Amino acid sequence: MRALFALLALVLLGAARDPILVPEVSQHEIQVRQGFTGTDLLLFGAILDPSGTRAGRDYDIVVVLKGPTEPIRLREKQKIAGIWINADSTAFRSAPSFFAVASSRPIGQIVDERTAAIYELGLNWLQLSPIGAIDPEEQTRFSSGLVDLRQRQGLYSENSKGVVVNEQVLYQARISLPSSVQTGTYTAETFAITKGRVVASATAKVEVRKIGFERFVAVFAQHESLLYGLLVVAVSVGMGWLAGRLFAMV
Amino acid sequence: MDVYLPIANLSVNGLVIVALGAITGILSGMFGVGGGFLTTPLLIFYGIPPTVAAASAASQVTGASVSGVFAYTRRNSVDYQMGGVMVAGGILGTGIGALLFNFLESIGQIDTVINILYVVLLGTIGGLMARESYQAIRATRGGAAPPPRKRRHHPIVASLPLRWRFYRSGLYISPLAPLLIGTGVGVLTTLMGVGGGFILVPAMLYILGMSANVVVGTSLFQILFVTMASTMMHSLTTKAVDIVLAVLLLLGSVTGAQIGSKLAGKFQPQKLRFILAVIVLAVALRMAFGLGFRPSEIYSVAPL
């Protein structure tokens, strides 16, 4: 609220010609704990025009939520000697673990391809940074394979009706994250676009972290692997023994 | 009931996993096999990453075999000397298995190798078991008692140097034979997340020629220790053991194992073996189809 007032003050002073974007995210921290089945993230905010309190013009809003990037190897199965096995592979230096784009209209109607590529507006424009020289055709095949795979896993999405703009001032977009999201820092970028030009953009951060027991298990397994292994063995022997004892009494 | 698996990084229906553990537990109680050969494929089918499935399934077999080992110890039908040699081989095998696992994972062929191993091993064992039990059932129907099988070990076993006396098994053979068998089963345990009972029992009967009354007890003894070693190996190398997944599986399997052993008394042993053979063959067939048909996912992602 205070930020809004400050911006309003700025607006009244008439500092800039471009509109001002005030973004907000429903949760700045997503806690992955027992029973986590994924969550919905609400990205909302307002666009204000310096010359008036409301934008007055038609703006298109595009929201991009991007998870931490990671280097990956993508393998492709082919049928060899009657069975499907991994044959070809390629490596990407910066594949986002999560990528969701929501816009108020189809991206193709909002901006041209060049602008879309610059701002990564859409799954076609992911900057995956392939490692090593591979020919463009093969690269397209692999990146569309990755996009298709992760789209079906719910990790990548593109929704051309995902942003609702009210009265040319308020906008909101709902993006759902599945339970298999990676932990780390997510960035939510909002772009205000008019006449094919990005006139304002703003970034917000969302932290996804494991907490409590889930965090403890993940850290324990990673750093105290000997103890962790012993614990799992002890639990399995103990449960087997206990069941034997309980049933012997029945 | 949604349960989040902290190592597999996804949430599953806990009741489904417990039920899955119970099914394999009942099988293990009824047939004296660990049931790991069903758990790993079913977990992968359910959507658990293959590495986590193979790494976590072994602990379920540990739990299911504990009470069995106690029961057979009370009946004095475990050959500890033979079991000890096999466990030594088995621990060596889990080490080799872990190296193989990492190597195959780095070249991206671990899933294919696991699948092929399943098809070949389960297909062979299931086929042999089906034929043998079918003949046994027919022989009993015909009224004639099944001919007593001659107990003898394989000629290659007899040719190995350095002989030991294994009193309980009634054998005078080289310890190298059970050591090698143990090693082989250890490799499979780490790669496939199975206990290896379905290979161990026939190997002890037909290759070593052990006396039948100690075979199941000794095999459970070996499985108990080798699955423990495999869990340790996985938590040290792949770090893919999910304790929440393991506990859910254990909940089902330890109770299932008790129910299964009660049920087992109500059926004729050859009929039980025939049912098991059919289940084993069904899993092998399902896996074979998976290899031959175009999979739903052509692409797979591995961290670099």
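If a residue must be of a type outside the set (Val, Ile, Thr), buried (at least 16 other Cβ atoms within 10 Å of the Cβ) and under 23 Å from the mean Cα position of the chain (by Cα), how many such residues does the stretch A:203-238 contain?
Residues meeting the conditions: 5.
Just need a number here: residues in the stretch A:156-189 that are of a type in the set (S, T, N, Q), within 16 Å of A:VAL64 (Cβ to Cβ) and in contact with a Leu (Cβ under 6 Å, 6 or more places away or on another chain).
Final tally of qualifying residues: 0.
Let me confirm something: among B:SER235, B:SER230, which residue is within 14 Å of another protein chain (Cβ to nearest Cβ), under 14 Å from the mean Cα position of the chain (by Cα) and either assigned to a helix (DSSP H, G or I) or closer than 24 Å to B:PRO50 by Cβ (or both)?
Unique residue meeting the criteria: B:SER230.
As an exercise: evaluate A:ARG33 against (1) away from every other protein chain (no Cβ under 14 Å); (2) at pLDDT below 85; (3) surrounded by 14 or more Cβ atoms within 10 Å (Cβ to Cβ) and give the number of the one condition it does not meet.
(1)
Inspect all residues belonging to the stretch B:157-168 and state whether any of them is among the small types (Gly, Ala, Ser) and modelled with pLDDT under 80.
Looking for residues that are among the small types (Gly, Ala, Ser) and modelled with pLDDT under 80, one finds at least one in the stretch B:157-168, hence yes.
Take the stretch A:239-250 and flag every residue that is assigned to a helix (DSSP H, G or I) and either surrounded by fewer than 16 Cβ atoms within 10 Å (Cβ to Cβ) or more than 7 Å from every other protein chain (Cβ to nearest Cβ) (or both).
Those that are assigned to a helix (DSSP H, G or I) and either surrounded by fewer than 16 Cβ atoms within 10 Å (Cβ to Cβ) or more than 7 Å from every other protein chain (Cβ to nearest Cβ) (or both): A:LEU242, A:ARG245, A:LEU246, A:ALA248, A:MET249.
Go through A:GLU158, A:GLU138 for me and flag whichever is more than 8 Å from every other protein chain (Cβ to nearest Cβ), in a helix (DSSP H, G or I) and in contact (Cβ under 8 Å) with a residue 40 or more places away in the chain.
Among A:GLU158, A:GLU138, only A:GLU138 is more than 8 Å from every other protein chain (Cβ to nearest Cβ), in a helix (DSSP H, G or I) and in contact (Cβ under 8 Å) with a residue 40 or more places away in the chain.
Just one of the numbered conditions (1) assigned to a strand (DSSP E or B); (2) farther than 30 Å from B:ILE116 by Cβ; (3) at pLDDT below 85 is not true of A:LEU43; which one?
(3)
Within the stretch B:58-69, does at least one residue satisfy the condition of being farther than 18 Å from B:MET232 by Cβ, modelled with pLDDT under 85, away from chain A (no Cβ under 12 Å) and part of a helix (DSSP H, G or I)?
no
Residue-wise test of (1) among the charged types (D, E, K, R); (2) surrounded by 16 or more Cβ atoms within 10 Å (Cβ to Cβ); (3) within 14 Å of another protein chain (Cβ to nearest Cβ).
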{"residue": "A:PHE142", "(1), (2), (3)": "no, yes, yes"}
{"residue": "A:LEU146", "(1), (2), (3)": "no, yes, yes"}
{"residue": "A:LEU149", "(1), (2), (3)": "no, yes, yes"}
{"residue": "A:GLY154", "(1), (2), (3)": "no, yes, yes"}
{"residue": "A:GLU167", "(1), (2), (3)": "yes, no, no"}
{"residue": "A:LEU170", "(1), (2), (3)": "no, no, no"}
{"residue": "A:ARG174", "(1), (2), (3)": "yes, yes, no"}
{"residue": "A:SER180", "(1), (2), (3)": "no, yes, yes"}
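Determine, yes or no, whether B:GLY90 is away from chain A (no Cβ under 14 Å), under 15 Å from the mean Cα position of the chain (by Cα) and either closer than 23 Å to A:GLY244 by Cβ or hydroxyl-bearing (Ser, Thr, Tyr) (or both).
So B:GLY90 fits the description; yes.
Considering the stretch B:29-51 alone, what residues qualify as being under 13 Å from B:LEU249 (Cα atoms) and either in a helix (DSSP H, G or I) or away from chain A (no Cβ under 14 Å) (or both)?
B:GLY36, B:LEU38, B:THR39, B:THR40, B:LEU42, B:LEU43, listed by residue number.
Surrounded by 24 or more Cβ atoms within 10 Å (Cβ to Cβ) and under 23 Å from A:LEU246 (Cα atoms): does that describe B:LEU250?
Considered against the rule, which asks whether it is surrounded by 24 or more Cβ atoms within 10 Å (Cβ to Cβ) and under 23 Å from A:LEU246 (Cα atoms), B:LEU250 comes out as yes.
Do we find that A:ARG114 is assigned to a strand (DSSP E or B) and under 25 Å from A:LEU21 (Cα atoms) in this structure?
no
Can you tell me which residues in the stretch A:86-127 are surrounded by fewer than 21 Cβ atoms within 10 Å (Cβ to Cβ), hydrophobic (A, V, I, L, M, F, W, C) and under 30 Å from B:VAL113 (Cβ atoms)?
A:ALA87, A:ALA91
Give the stretch B:44-70 a look and list any residue that's free of Cβ contacts under 8 Å to residues at least 40 places away in the same chain and either out of contact with any strand residue (DSSP E or B) (no Cβ under 8 Å at 6 or more places or on another chain) or of a type in the set (Gly, Ala, Ser) (or both), or say none.
Of everything in the stretch B:44-70, those that are free of Cβ contacts under 8 Å to residues at least 40 places away in the same chain and either out of contact with any strand residue (DSSP E or B) (no Cβ under 8 Å at 6 or more places or on another chain) or of a type in the set (Gly, Ala, Ser) (or both) turn out to be B:ILE44, B:PHE45, B:GLY47, B:PHE70.
What number of residues in the stretch B:196-207 are assigned to a helix (DSSP H, G or I) and surrounded by 24 or more Cβ atoms within 10 Å (Cβ to Cβ)?
Residues meeting the conditions: 4.
Can you find a residue that is away from every other protein chain (no Cβ under 11 Å), in a helix (DSSP H, G or I), touching a residue at least 24 places away in the same chain (Cβ under 8 Å) and not small (Gly, Ala, Ser) anywhere in the stretch B:7-16?
Yes, the stretch B:7-16 contains at least one residue that is away from every other protein chain (no Cβ under 11 Å), in a helix (DSSP H, G or I), touching a residue at least 24 places away in the same chain (Cβ under 8 Å) and not small (Gly, Ala, Ser).
Can you tell me which residues in the stretch A:78-101 are closer than 14 Å to A:LEU146 by Cβ, in contact with a Lys or Arg (Cβ under 9 Å, 6 or more places away or on another chain) and either facing chain B (nearest Cβ under 8 Å) or part of a strand (DSSP E or B) (or both)?
A:ASP88, A:SER89, A:THR90, A:ALA91, A:PHE92, A:ALA95, A:PRO96, A:PHE99
Hey, any hits in the stretch A:167-180 for a residue that's hydrophobic (A, V, I, L, M, F, W, C) and in a loop (DSSP other than H, G, I, E, B)?
yes
Among the numbered criteria (1) under 17 Å from the mean Cα position of the chain (by Cα); (2) crowded, with 24+ Cβ neighbours inside 10 Å, which one does B:MET30 miss?
(2)
Go through the stretch B:255-299 and give me each residue that's within 14 Å of another protein chain (Cβ to nearest Cβ), more than 22 Å from B:ALA19 (Cα to Cα) and either within 16 Å of the chain's Cα centre (by Cα) or touching a residue at least 24 places away in the same chain (Cβ under 8 Å) (or both).
B:ALA288, B:GLY290, B:LEU291
For the stretch A:216-238, indicate whether the set of residues that are out of contact with any Lys or Arg (no Cβ under 7 Å at 6 or more places or on another chain), of a type in the set (A, V, I, L, M), more than 8 Å from chain B (Cβ to nearest Cβ) and under 24 Å from A:PRO50 (Cβ atoms) is non-empty.
no
What is the number of the single condition among (1) surrounded by 15 or more Cβ atoms within 10 Å (Cβ to Cβ); (2) modelled with pLDDT of 85 or more that A:LYS161 does not meet?
(1)
The values are calculated or read from the model by the stated rules, or taken from the named source; none is laboratory data. Being a predicted model, the structure only gives us computed values, none of them experimental. Note: ideal-geometry Cβ built from the backbone for every residue, glycine included; neighbour counts use all protein chains shown.
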